[in-house]
Structure formats: structure tokens, C-alpha cells
Amino acid sequence: MSKITDKVWGNINYNTYLIIKNSCSIIFPISALGSCVSKNDVCFLFNNLFFCLYSYLMVGKIENKTKDVNEVKRLYDIFIENYNELNKMFELENPLEIFNLFNNLLYNGYLSKNKVFNSSGEDVRDINIISGANINMGIGVCRHISAMLTDILNNYGIESDNLIGILKLLPADIIFKNFIKSMSDIYNPSIDYNLSDNIPTPKGHANHMITCAKQGDYYYFLDGMQKMTYHISDSDNKILINDYVVMKMKDRKYKINKYTEGLIALSIDEEEKIFNKTDMIFEQNKDVFEKFYDNNKEIYEDITDKMLRMSKRN
């Protein structure tokens, strides 16, 4: 049965799917009201059919099966495969290496149409299986950047997931303390820079998405939007922190445990060495990345054309 329905939806474009879904969201309440008022068997049956269809459209991930979404997914998968050829070329194995090179290419436009990337959510198309393809259009925010990085890592054989949480800037006194400590020429260890003993726990709704990954005994929390990494707080394994921000993980418990329990972080010095190495790779191989862009720009254009034809969600 699923093969038949998949074939049906595979011949319907995304915009038609939205029309059907939105129509059902209007008709179902009217049908339910009519069924209650009339108490007619036909109305009751009609309402149940609409309820089944509406539920199916809401939870069945039908949008992922539509014709144009699948066309974009096919192009996007080709791009991901092409991208990982770069990681193989430079023999990158560690998630941090891949993360930092990705950031360099992303913010210098090599992954986007017209070689321009803007951190904007204004014209994005939030369709789960092609969320990362917004980057190829030249736009995106944390959820789209995280999606593409996660897709790259998983395709490369590194276990990864998107992770949501509440991100907040640390209080000014803590940022100041961390800044002073990072400036070895003016840091005086005899002075107490610990101006605040308690790092505040963010509260509220999730407002940020990052990529989490694990390899061997190590965990990695990678924020492509902010171009930074996080370590788990000593006081709470659901709190991620660096020198500037704090993030409380709000995702499913099993996912948080999967990327925290029994795992450790690289040291700051080890991270810095990896960043320096991949920064040098980027600076010394611009010709390779120019060729990569030229070889993939047609994919970016095709993805952009197809995605812009899809209606934005209200």
C-alpha cells in the first residue's frame, strides 16, 4: 500500500500537496461540526474520512515524497557526495577538521549560488529532508547550516545529529574574565578573575540548532552559525558552554545521552591546532575550491530554481 501512495505523491508537486493539506485543515473542523449537529451516519463517515486524511497529511511526512522535493533531494545528495570528495582529498578525518573547512567554504560563498551566502531566514524553504539545500540558494540560519553540516558528516561516515537548545550570551562579567584569561600577555594569575561563580541556566523555548557528533571516545558540539564549538559544563551535562555563550540542550533525552555519556572533549589546545591546520588548507588551496565551485554551480542554480518555485509555509 505504501508503495502505491508513495507513487501517487511522487507525481504531485509540493505546492499541490500544500493546497490539499490546507484545504483539509479548513474542511475537517467544518465537517466535524456538521457531524455533531446532524448526527447523520453519512456526515459521520465523511468526517472520519477527512480526519484520517488530515492526520495522514500531518504526520505522514508526505512533503518528503512529493515530486519536486525529491528532485531537489537528488541534486542535494549529489552535492553532498561531491563535497566529501574535498574531505577525502585533504585527508580530513576529525569532525573538527571537517567543521572548520566547512565554515571557511560556507562564509566565502563556495557552497552557494553566485558565490554569496547571507545569514537570513527570510526566503528559506523549511522542508526537513532538504533543509541544508537552502545554503545552496545562498541563504540560511542555524537550522539550515546545521542540517548541511550534519548531512556532510553522516555521509562521510561520522555519526552526527542536529541538536536544538536555548542559546544565551553569558553575563558581561564572565565574558570579561574569559577574555582576560585568553590574553596571556596581560593575564595575572594572582588576581581573582572569577567574578561570577554561577553560570546562569538558560530558560524558555529552544532558539538555536547546532550539530553534535561523536568519534571514538570524543564528543563534538559544532555551531556553524556562530563558528564556534562547545564543551559540556562541569556542573550539568545538559549545559554546553564556551567563553561567550551558554546553551541548554532541549532535545530528546536519548539523543543528548548518546552524545554525552562516557565521552570526553578535546582540549582547547588540540582544537586550536586543528583549526590552524584547516585554516591553512583553505588559504593555500583557493584554486581547488574555485574549481569545486565551478563544478557545482549548476547544481546550486538548479536547486535554487526548483526551491523558489515551492511556496513558503505560512
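The values are calculated or read from the model by the stated rules, or taken from the named source; none is laboratory data. Please read these numbers as outputs of a predicted model, since none were measured by experiment. Don't worry about glycine lacking a Cβ; one is built from the backbone with ideal geometry, like all the others, and counts go over all protein chains shown.
Do we have residue 234 as among the charged types (D, E, K, R), within 25 Å of residue 157 (Cβ to Cβ) and out of contact with any Leu (no Cβ under 8 Å at 6 or more places or on another chain) here?
Criteria not met by residue 234.
Consider segment 112-123. How many of its residues are touching a residue at least 24 places away in the same chain (Cβ under 8 Å) and either in contact with a His (Cβ under 7 Å, 6 or more places away or on another chain) or part of a strand (DSSP E or B) (or both)?
Residues flagged as touching a residue at least 24 places away in the same chain (Cβ under 8 Å) and either in contact with a His (Cβ under 7 Å, 6 or more places away or on another chain) or part of a strand (DSSP E or B) (or both) within segment 112-123 amount to 1.
Residue check: is residue 281 within 13 Å of residue 101 (Cα to Cα) and either within 22 Å of the chain's Cα centre (by Cα) or outside any loop (DSSP other than H, G, I, E, B) (or both)?
Considered against the rule, which asks whether it is within 13 Å of residue 101 (Cα to Cα) and either within 22 Å of the chain's Cα centre (by Cα) or outside any loop (DSSP other than H, G, I, E, B) (or both), residue 281 comes out as yes.
Output the number of the condition that residue 312 fails; it satisfies all remaining conditions of (1) more than 20 Å from the chain's Cα centre (by Cα); (2) in a loop (DSSP other than H, G, I, E, B).
Here residue 312 meets the rest and fails (1).
Given the conditions (1) within 20 Å of residue 61 (Cα to Cα); (2) surrounded by 20 or more Cβ atoms within 10 Å (Cβ to Cβ), and given that residue 110 satisfies all but one, which numbered condition is not satisfied?
Of (1) within 20 Å of residue 61 (Cα to Cα); (2) surrounded by 20 or more Cβ atoms within 10 Å (Cβ to Cβ), only one is false for residue 110: (1).
Here's the yes/no breakdown for (1) in a strand (DSSP E or B); (2) under 20 Å from residue 110 (Cβ atoms); (3) in contact with a Ser or Thr (Cβ under 6 Å, 6 or more places away or on another chain):
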{"residue": "240", "(1), (2), (3)": "yes, no, no"}
{"residue": "254", "(1), (2), (3)": "no, no, no"}
{"residue": "270", "(1), (2), (3)": "no, no, no"}
{"residue": "277", "(1), (2), (3)": "no, yes, no"}
{"residue": "293", "(1), (2), (3)": "no, yes, no"}
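Could you tell me whether residue 268 is β-branched (Val, Ile, Thr) and surrounded by fewer than 18 Cβ atoms within 10 Å (Cβ to Cβ)?
yes
Matching residues to (1) without any contact (Cβ under 8 Å) to a residue 60 or more places away in the chain; (2) basic (Lys, Arg); (3) more than 17 Å from residue 293 (Cβ to Cβ):
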{"residue": "90", "(1), (2), (3)": "no, no, no"}
{"residue": "101", "(1), (2), (3)": "no, no, no"}
{"residue": "110", "(1), (2), (3)": "no, no, no"}
{"residue": "125", "(1), (2), (3)": "no, yes, yes"}
{"residue": "145", "(1), (2), (3)": "no, no, yes"}
{"residue": "153", "(1), (2), (3)": "no, no, yes"}
{"residue": "157", "(1), (2), (3)": "yes, no, yes"}
{"residue": "160", "(1), (2), (3)": "no, no, yes"}
{"residue": "164", "(1), (2), (3)": "no, no, yes"}
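Can we say residue 247 is assigned to a strand (DSSP E or B) and either assigned by TED's automatic domain parsing to the domain that holds residue 165 or at pLDDT 95 or above (or both)?
So residue 247 fits the description; yes.
Test each condition in (1) outside the structural domain of residue 125 (by TED's automatic domain parsing); (2) crowded, with 16+ Cβ neighbours inside 10 Å for residue 308 and report the one that comes out false.
Among (1) outside the structural domain of residue 125 (by TED's automatic domain parsing); (2) crowded, with 16+ Cβ neighbours inside 10 Å, the lone unmet condition for residue 308 is (2).
Take segment 286-304 and flag every residue that is in contact with a Phe, Trp or Tyr (Cβ under 9 Å, 6 or more places away or on another chain) and farther than 15 Å from residue 83 by Cα.
Once the filter is applied, which keeps residues that are in contact with a Phe, Trp or Tyr (Cβ under 9 Å, 6 or more places away or on another chain) and farther than 15 Å from residue 83 by Cα, segment 286-304 yields only 303.
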